[in-house]
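Chemist: The structure that follows is given in the form of structure tokens.
The values are calculated or read from the model by the stated rules, or taken from the named source; none is laboratory data. Only a predicted model underlies this, so the values are computations on that prediction, with no experimental measurement involved. Counting neighbours? That spans all protein chains shown, and the Cβs are built from the backbone with ideal geometry, glycine included.
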Amino acid sequence: MHYKKIYLFIYFFLALLGAEAQAQTITEELKRHESFYVLPSATLEVNNKYGNIHFSTWDQDSVSISINFFISEKNEARFQKIKDNVQFKITGNASYLLAETVFGSKYSSFFKNIKEATNLQGSGSSRTRIDYFVKVPAHINLKVDNRYGNVYIPDFNGNLNVNLSNGDFQGKNITGNNTLTLAFGDVMIESLQQSTLDFNFSKVHISNGQQLDIQSKSSEVKIEKCELIKLQSKRDDYQINELAHLFGETYFSKLSVLHLKNEFNMVMQYGALKHLGLEPAFDLLKVNSQYTNCTIQIKEPSAYACSIMAPKGEINLPKELIAKNPKWQELIETQAVVFNYKGQAAKEKVQIHISDASLMISHK
């Protein structure tokens, strides 16, 4: 009986050692580094999946590309498949360089899901990932495509084209002509000049913008300060602090602009204009709203005239805004009614057509 207990103990001990060995993680880190001379007008293209792309700038006439390929798997066969089926291609010349991750024909079968393929979906270092660290002159052009990883751009004055999904984007002062297509991630940008932006299912914060052409869907966007925005928005939530010009269309979106200096010209369907604050010297407010409640506040206004048509609308206006026709409440559902503030000869700066919604205008 005593020997049986010993044998049983040894059996469980060996089984435990076997399970521990079987669960042991196999890791390996592969590195590649290359540098290339480039012309001032050169373009660098970087394409990757399952890892980060981190750019930095330096005062040299060359591009430095470092690739870290970290493999961490518990299954030896899977480990070897990944190692054998992922390669890196760096080609080009002084005018154009291409660096890309190339996956073999079997890679989709062993990347069964993103949690297995990348550390971006969970904590801990035991993940397979592919990271690029790239040093460039600040004036060359960049074209970047990344999936399931983050992209970082430092102060940069070349032209930038980024296509990123399932990852975060962080940029500092970006002064070139830019095209950013960003989906399923957080976006933080300190400064943008002339840029075409496409946001999908993203959370966006832009500190400063010059001229932005934005198309967005199902995103939260906060912009601190911008000169001009051209907007196509669907199911978004926009909060803008300071803005000079806004043009475009919204659909089922919520929009707030605290301080608008010059011009607001929007077609809005469903959703809400939660707050529009107009500065005293604004030039034009033009709104075509359907099923979109609008709240507008004009700060210390000078003399102006406004034209309002509101079929099935609920209107709340300041008492000092005087209608030319005293029967305006009977007419406003079928025709535009003109109101004046501080004089009959004031310039018509407000044009509103609102239907099936409420309009509130106040003076501060």
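Chemist: Which count do you get for residues in the stretch 223-244 that are in contact with a Ser or Thr (Cβ under 8 Å, 6 or more places away or on another chain) and either assigned to a loop (DSSP other than H, G, I, E, B) or of a type in the set (Gly, Ala, Ser) (or both)?
Modeler: The total comes to 3.
Chemist: For the stretch 25-56, which residues satisfy the criterion of being surrounded by fewer than 19 Cβ atoms within 10 Å (Cβ to Cβ), of a type in the set (Val, Ile, Thr) and farther than 15 Å from TYR96 by Cα?
Modeler: Answer for the stretch 25-56, where residues must be surrounded by fewer than 19 Cβ atoms within 10 Å (Cβ to Cβ), of a type in the set (Val, Ile, Thr) and farther than 15 Å from TYR96 by Cα: THR25, ILE26, THR27.
Chemist: Working only within the stretch 334-364, note down all residues that are of a type in the set (D, E, K, R), more than 18 Å from ASN265 (Cβ to Cβ) and free of Cβ contacts under 8 Å to residues at least 60 places away in the same chain.
Modeler: Matches in the stretch 334-364: LYS342 only.
Chemist: Restricting to the stretch 28-58, count the residues that are farther than 22 Å from SER95 by Cα and of a type outside the set (Lys, Arg).
Modeler: 6
Chemist: Ok, one more. Given GLY167, GLY158, which one is touching a residue at least 40 places away in the same chain (Cβ under 8 Å), part of a loop (DSSP other than H, G, I, E, B) and either under 16 Å from LEU228 (Cα atoms) or in contact with a strand residue (DSSP E or B) (Cβ under 8 Å, 6 or more places away or on another chain) (or both)?
Modeler: Matching residue, one of GLY167, GLY158: GLY167.
Chemist: Any idea which of (1) modelled with pLDDT under 95; (2) in contact with an Asp or Glu (Cβ under 9 Å, 6 or more places away or on another chain); (3) surrounded by 16 or more Cβ atoms within 10 Å (Cβ to Cβ) is the one ILE240 doesn't satisfy?
Modeler: (1)
Chemist: Output the residue which, of all residues in the stretch 245-265 that are in a strand (DSSP E or B) and polar (S, T, N, Q), is surrounded by the most Cβ atoms within 10 Å (Cβ to Cβ).
Modeler: THR250
Chemist: Looking at the stretch 320-359, which of its residues are under 22 Å from LEU273 (Cα atoms) and either outside the structural domain of MET266 (by TED's automatic domain parsing) or in a loop (DSSP other than H, G, I, E, B) (or both)?
Modeler: Listed by number, the residues that qualify are LEU321, ILE332, GLU333, ALA336, ASP356, ALA357.
Chemist: Of a type in the set (Lys, Arg), within 16 Å of the chain's Cα centre (by Cα) and either surrounded by fewer than 16 Cβ atoms within 10 Å (Cβ to Cβ) or farther than 23 Å from ASP168 by Cβ (or both): is that true of LYS217 in this structure?
Modeler: No, not satisfied.
Chemist: Looking at SER307 and the list (1) modelled with pLDDT of 95 or more; (2) surrounded by 17 or more Cβ atoms within 10 Å (Cβ to Cβ), which single condition is not satisfied?
Modeler: Status for SER307: all satisfied but (2).
Here is a yes/no grid of residues against (1) more than 41 Å from the chain's Cα centre (by Cα); (2) more than 19 Å from ASN293 (Cβ to Cβ); (3) surrounded by 14 or more Cβ atoms within 10 Å (Cβ to Cβ); (4) not β-branched (Val, Ile, Thr):
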residue	(1), (2), (3), (4)
GLU320	yes, yes, no, yes
LYS327	yes, yes, no, yes
PHE339	no, yes, yes, yes
GLY343	yes, yes, no, yes
GLU348	no, yes, no, yes
ILE352	no, no, yes, no
SER355	no, no, yes, yes
LEU359	no, no, yes, yes
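Chemist: Suppose we filter the stretch 295-319 for residues that are free of Cβ contacts under 8 Å to residues at least 60 places away in the same chain and part of a strand (DSSP E or B); how many remain?
Modeler: Final tally of qualifying residues: 9.
Chemist: From the set of residues in the stretch 96-116 that are of a type in the set (Ser, Thr, Tyr) and either exposed (fewer than 11 other Cβ atoms within 10 Å of the Cβ) or at positive phi (or both), which is modelled with the highest pLDDT?
Modeler: Filtering the stretch 96-116 for residues that are of a type in the set (Ser, Thr, Tyr) and either exposed (fewer than 11 other Cβ atoms within 10 Å of the Cβ) or at positive phi (or both), the one modelled with the highest pLDDT comes out as SER105.
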